[in-house]
Amino acid sequence: MAAAAEGQEPLLRAGEEEEEEEEDEGQESRDVVETQEHYKSRWRSIWIMYLTMFLSSVGFSIVIMSVWPYLQKIDPTADGSFLGWIIASYSIGQMIASPLFGVWSNYRPRREPLVVSTAISVAANCLYAYVHVPPSHNKYYMLTARALVGFGAGNVAVVRSYIAGATSLTERTSAMANTSACQAIGFILGPGSGVPDQDAEGSVDHIAVVAMNFLFFVILFVFAVFETIATPLTMDMYSWTREKAVFYNGIILSVIGVESVTVFMVVKMLSKRTGERAILHGGLLIILIGFFILLPWGKKLPNIQWQEIKNNSIPRTISSEMVIPFWSLQAMQLPSNHSEPVGCPVTQSWCLNTPMIYLAQYISSDILIGLGYPVCNVMSYTLYSKLLGPKPQGVYMGWLTASGSGARILGPVFVSQIYTHLGPRWAFSLICGVVIISLLVLEIVYKRLIAFSVRYGRMQEENC
């Protein structure tokens, strides 16, 4: 094959035009060199996929930080546990839709699942905008709306499989990084406002595929925990109002988005020297350090939300905390004229004995997680697509997206339950344990995470 001789993996199907050409030209088309016109057409389609990912990310980031205040406003009966289900419903919908759209895209033109999923997303977001209108059961309307938005977001599997199929092996890392960069840019702006197929010889390494699905699950799980807990954590620890929590966390998320775009650009160059596996390993280590820093380490307790307390009791203090500077005295006084209660609710028993997480800890953790997550995200997608080789990847990408959606289901439910009942020390310690397990799995399968073409001797391994 000409492509193999040039050290490139042949492209998968890049669209319906290529599929028709394959049927018409048959075996002879496999040896035809890609024309300039075909090259431009292929990359024009890829840029449309970039735009799709960008718009999906913008829609998600606009909503995510304001879900908790919006839920409290439209339905006072909703508690922190129900917030976890609201956020998880998005991923339940995405998990169900991703394999369906993936299979659909393998047997029908890809524009069909893309158009249908986009229409579902538009309708679901309109429903979300008006969940405050019904006189009762508003939280269940919100749950339904978020689930449908997630179902529409299942087109990510189609987008990823298209990009994997429309790029050669040497183009894959850059294209996947650009896709993730478009997602990150969407996160910034949201809060602020082929060549025909050929049959492949050999089979996919299913052990490596399962391992990558697990690693991707962990990566999405820890980030789902991070984005879910940000608003409640800052309201509890720093006595921020709902408005302040949404505003400040929106700024933080935008900064993380800028950081992520920078990381994606650096990763594209760094992967050529060190390889995707080493970068994925480093990204997981950075995430581990980020959550380790987030553990409560000091002695000072968070301010208690006193709205339901009828007597004048105050939290216990040790003798060394009895003498405090003047600028700390105000934080220890009972709130008097707040329009809304602030501080750590006394109904969360851990508030009375768990040290607060200092703002410097929180910011440092944000920076590290914002560095580690995009690295792991783009490397996992890149490694996964290279493992599969020159075959239609719709179903495989559908399962990868489904595993990520499963993580986004369990992550919010897990952290909302553990955080509410046991506190941040237990929640973040367990997250550290999960990341350590993922590092062990990566070590076990490290040598298996190589490109399909390298495994079967079509190419030499170059920092793969």
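The values are calculated or read from the model by the stated rules, or taken from the named source; none is laboratory data. Bear in mind that the values here come from a model prediction, so they are computed numbers and not experimental data. Ideal geometry is used to build each Cβ from the backbone, glycine not excepted, and the neighbour counts take in all protein chains shown. Areas reflect the complete protein model, heavy atoms only, side chains present, ligands, DNA and RNA absent. Shrake-Rupley method; radii C 1.70, N 1.55, O 1.52, S 1.80 Å.
One table, with the values for the structure above:
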| quantity | calculated |
| --- | --- |
| Any hit, the range 375-390, residues being surrounded by 24 or more Cβ atoms within 10 Å (Cβ to Cβ), within 30 Å of Thr420 (Cα to Cα) and aromatic (Phe, Trp, Tyr) | no |
| Where Gly102 falls short, out of the listed (1) closer than 25 Å to Thr228 by Cβ; (2) open to solvent by less than 10 Å² (accessible area, probe 1.4 Å); (3) in a helix (DSSP H, G or I); (4) not charged (D, E, K, R) | (1) |
| Flag if Ser105 is hydroxyl-bearing (Ser, Thr, Tyr) and closer than 14 Å to Ser161 by Cα | yes |
| Filter result (touching a Cys at 6+ places or on another chain (Cβ under 8 Å) and aliphatic (A, V, I, L, M)) within the range 270-294 | Leu280, Leu284, Ile287, Leu288 |
| Scan of the range 351-374 for residues that are in contact with a helix residue (DSSP H, G or I) (Cβ under 7 Å, 6 or more places away or on another chain), open to solvent by 20 Å² or more (accessible area, probe 1.4 Å) and not aliphatic (A, V, I, L, M), ordered by number | Gln361, Ser364, Tyr373 |
| Qualifying positions in the range 253-303 - within 30 Å of Cys344 (Cα to Cα) and either open to solvent by less than 30 Å² (accessible area, probe 1.4 Å) or among the hydroxyl-bearing types (Ser, Thr, Tyr) (or both) | Leu253, Ser254, Ile256, Gly257, Ile287, Gly290, Phe291, Leu294, Leu295, Pro296, Gly298, Pro302 |
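The rows are residues; the columns are (1) at pLDDT 75 or above; (2) part of a helix (DSSP H, G or I); (3) surrounded by fewer than 21 Cβ atoms within 10 Å (Cβ to Cβ).
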| residue | (1), (2), (3) |
| --- | --- |
| Glu9 | no, no, no |
| Ala14 | no, no, no |
| Phe54 | yes, yes, yes |
| Pro69 | yes, yes, yes |
| Thr77 | yes, no, yes |
| Ile92 | yes, yes, yes |
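Conditions tested, residue by residue: (1) modelled with pLDDT under 90; (2) under 14 Å from the mean Cα position of the chain (by Cα); (3) on the phi < 0 side of the Ramachandran plot.
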position	(1), (2), (3)
Phe217	no, yes, yes
Ser239	yes, no, no
Glu243	yes, no, yes
Ile251	yes, no, yes
Val255	yes, no, yes
